[in-house]
Structure formats: structure tokens, C-alpha cells
1. Counting other beta carbons within 10 Å of each Cβ, put Lys236, Lys169, Lys35 in order, fewest first.
2. Taking the alpha-carbon centroid of each part, what is the distance from segment 290-366 to segment 134-203 in angstrom?
3. Based on DSSP H assignment, which helices of the chain show an axial Cα extent of at least 15 Å together with a mean Kyte-Doolittle hydropathy greater than or equal to -1.0?
4. For segment 191-341, report the translational diffusion coefficient in µm²/s to the nearest whole number, using Stokes-Einstein at 20 °C, 1.002 mPa s, and a Kirkwood Rh over Cα pairs.
5. Report the Rg/Rh value for segment 2-74, based on alpha-carbon coordinates and the Kirkwood definition of Rh.
6. Please give the contour-minus-distance gain from Glu252 to His229: 0.36 nm per residue of separation, less the Cα-Cα distance, rounded to one decimal in nm.
7. Note down the nm distance, to one decimal, between modelled labels 7 Å out along Cα→Cβ at Lys341 and at Asn361.
8. Which of the lysines could be linked to Lys317 by a straight reach, that is with a Cα gap under 22 Å, when you skip same-chain ones fewer than 8 residues away?
Amino acid sequence: MTERLRIVEVNAFHYPYRGGIENRVHNIGKRLAEKHDVIVLTSQLPDTDPRETIDGYEVLRLPSKFIGRYNPPYVSTSGLMEALKALDPDIVDFHYRWAPTYNKLARGYPGKKVFTFHNTFGEGVGITRLPSMVNDQMWKRHLKRFGKVVCISEFIRTDLIRRGLDPLKLVTVPNGVDMPDVRADIEEKDFILFVGRLVATKGLPYLIRAMARIDSKLVICGAGPEERHLRKLASKLGLDRKVEFAGKVSEERKSELLASCKIFVMPSLYESYGIAVAEAMSFGRPIVATSVGGLPEVVKDAGLISAAKDPSDLACKINDLLLDDGRRAIMGARARTYSLKYDWDSIASKMESLYVQSIYNGHGDH
């Protein structure tokens, strides 16, 4: 039996902010907290307590400055090294590489540590592309300091190997999903669904343009800096009645939409894994996704893969499934089956084994 460990997860943001990284940290943390001491070290968002216990794990929030309106904003947190050393962890998992104070901590912390690589290398669109490339190129040099680098998709692992990282240091442990109870009495309704942040990397303008050729309704769930632009585009194209912006919805409402949509669509320009896709698959929904990053790896033959930045091909793939009830049913059944391997219990168990290996066989900073 594994001895009780003291595990610290370091990320610039945590609940009540809910992004893909935060959901991973939470879902792994609450499961490992049943056997270990788990602490999340993070920034103190407005109207949050410095210390809080969530589902058995502890959250330690430090005073921070937030700059900009992008979601999430630029963050600077002081006192990170002192706080981390005071926690005296057996292992630290770092999750963030876009803020100097967190990067400095990750580089300089001398104890046993791993780094989880969440996003594709150089992910960004427009003016964010160049700084993203520069940041990742600089950060790549520091990955050798970690006992292991956890990749959330095999695509990321392969890409990092291609960029010169040691394959023996790279381990793929994907994100997970909470497997829902799929009710047989929920009827499929005539709409397609997107769930995610409304940011440029999601490729939503191409999906909205595709809707001009699709005889169905699109429901977009989520919020973000691109919402105003996307609403204007839908209006300009005369698609106001075909494109519904639902905003942020409750978990209950999101589950209802995932359970009843005809197709879940992810038109991303970059996507390291596609947690929203895996979640839709857990509801037995067929997928249309672009051929970028880890999306084909997750979808397999439980949906159709479209070229990125191509409204015509996107519309073609969506229409192919809309017009074929039998094909949708087959792909939906495959989606449900494939999603079983992404159950959070299994993912947490894999991370526990990796932490133990890193403690007893890994090395600290050299």
C-alpha cells in the first residue's frame, strides 16, 4: 500500500475560475485526497478566502495582481517559493507556463517535481501567436529540470519529442470525464452544439459561416473575449435565428444539452486534447471536429474529422451526419464506449503512480 504523500499542485488559477487545467487539478485532487494530503497553491481571486477546503483537498491562495481583460488575465503572485517550501511537499506538479512568477517558481524549486504540459506548443492566433511561440521556446529549455513531463495527449508528447525533448521524460496521461448516466428517455433534438471558451483558437467564425449551408440550429455555450465579434458575424450573415448564444450555463443545463444534441462540433484551430469533446462523447454524442492537435486522437471513428479553417468542409461533414440517423447512432455508441477510458478515477490512479515513481526514482533540479 502506498504511504501517505504530501502532494502540491501549483497553478496560477483555481476554482471558482473553471478552465480545463483547473478542472483537471480539481478532479485528480479530490480523488487523491482520499489517500494523500493534497494542496493546491494558487492566486487569490477576488472574493475568495486565503484558505479553503474543497472536496477533501486544501486550497492555499496567495495575494496576486491581475492585469488585462483576457480570460484568464495576466497574473503576478508574490511569496510563491516561501509558501511552497513551507508546505514541505513530497512531490509538486506544476501546470502553468504563462506567468513569470510561476515560471520562476517552477524553474527554481529544488525538490521532486513534474510538469504537466496542457496546451499545444506555440498555441495562439493573431497577435498572441508570436509571444506564445517565444514563451514556449524559452520554456522548453527548462523542462529538463523536471523528473517527468506529463502530456495530456499523445499528440503533445509526439510534438515535444520532435522538438528535441527526451522521450523517456515524457508520459501521456489524458484529461478525464465524469461518466454520466445516459437516460434512454432523452430525445435527440434538432440542434448542434458547441461548448467552450469563446476565444480565437476555437475557430468559431468558421463554424458560424458553415451554418449558412446547414439546415439546423447551432447552440453556442460559453463566454469569452470573442463573443461580441461572433455575435456581429452571425448578425452580418443573417444567421441570428440559426445561431443561439446561450452564454455560461449551469452544469445541469449543459448536461441536458449534451444529452440531446444531434452532433457536438469542435472547430478548433489549436487543441491539445479536447476535454469538451471527450465530455460530449461520454453522453454518446457523435462528433465533428477539425484535424488539429489531439482531436483526431480523442474522436477516432466516433465522428467525422474536418479540415480546419474550412467552412465548406465543416458544413459538409455536419450535413453528412445530420442526414444519416443510423450513422449518428453508431458513432454515438462508439463515442460512449471510447470515453470509458477517460474516467477520472482511472486518470487519478495513473497520476498517483506517476507521483510515486517520481518521488522514489526521479530527481529534483540539477
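Where a number appears in this text, it was derived from the coordinates with a stated rule and is not lab data. Quick caveat, the model's predicted, so the values are computed rather than measured. Reconstructed Cβ throughout: ideal geometry from the backbone, glycine too, with neighbour counts over all protein chains shown.
1. Ascending number of Cβ neighbours within 10 Å: Lys236, Lys35, Lys169.
2. For segment 290-366 versus segment 134-203, the Cα centre distance is 9 Å.
3. The qualifying helices are 20-32, 129-140, 311-322, 325-339, 344-361.
4. It comes out at roughly 143 µm²/s.
5. 1.00
6. Going from the current span to full extension adds 5.5 nm.
7. Taking the two extended label points, one gets 2.1 nm.
8. Result set, ordered by chain and number: Lys189, Lys202, Lys217, Lys242, Lys262, Lys300, Lys309.
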